[in-house]
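A quick write-up on the structure given underneath.
The values are calculated or read from the model by the stated rules, or taken from the named source; none is laboratory data. Note that the structure is a prediction, hence the values are computed from the model and not measured. Here the Cβ positions follow ideal geometry from the backbone for every residue, glycine too, while neighbour counts run over all protein chains shown.
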């Protein structure tokens, strides 16, 4: 059995502390995670275990097979500080 993540490109979101009435970012929405011997089986399990999905307006959902449960976290504000510091030193990324 493999683990899959299910995602939709149908959606928008707001940045934290946004005051805009319009969405700030066009992005992907994580619909859920499910296990199966193939993507179709995992998708059916996802919907079976989360019946509310049938009531959402999402239509086009795609899956990616996950080969690990290992998580790596990134902090964008740390990167911004590093880039700002490196720009003063003419570093190139």
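Do any strands (runs of 3 or more DSSP E) lying entirely in segment 1-87 carry at least 2 residues that are free of Cβ contacts under 8 Å to residues at least 40 places away in the same chain and surrounded by 10 or more Cβ atoms within 10 Å (Cβ to Cβ), and which ones are they? Spell out the reasoning first.
Numbers: elements: 2-8, 29-36, 62-66.
It comes to 29-36.
When the residues of segment 21-41 are filtered to those that are modelled with pLDDT under 80 and more than 20 Å from the chain's Cα centre (by Cα), the one that is farthest from residue 68 (Cα to Cα) is 21.
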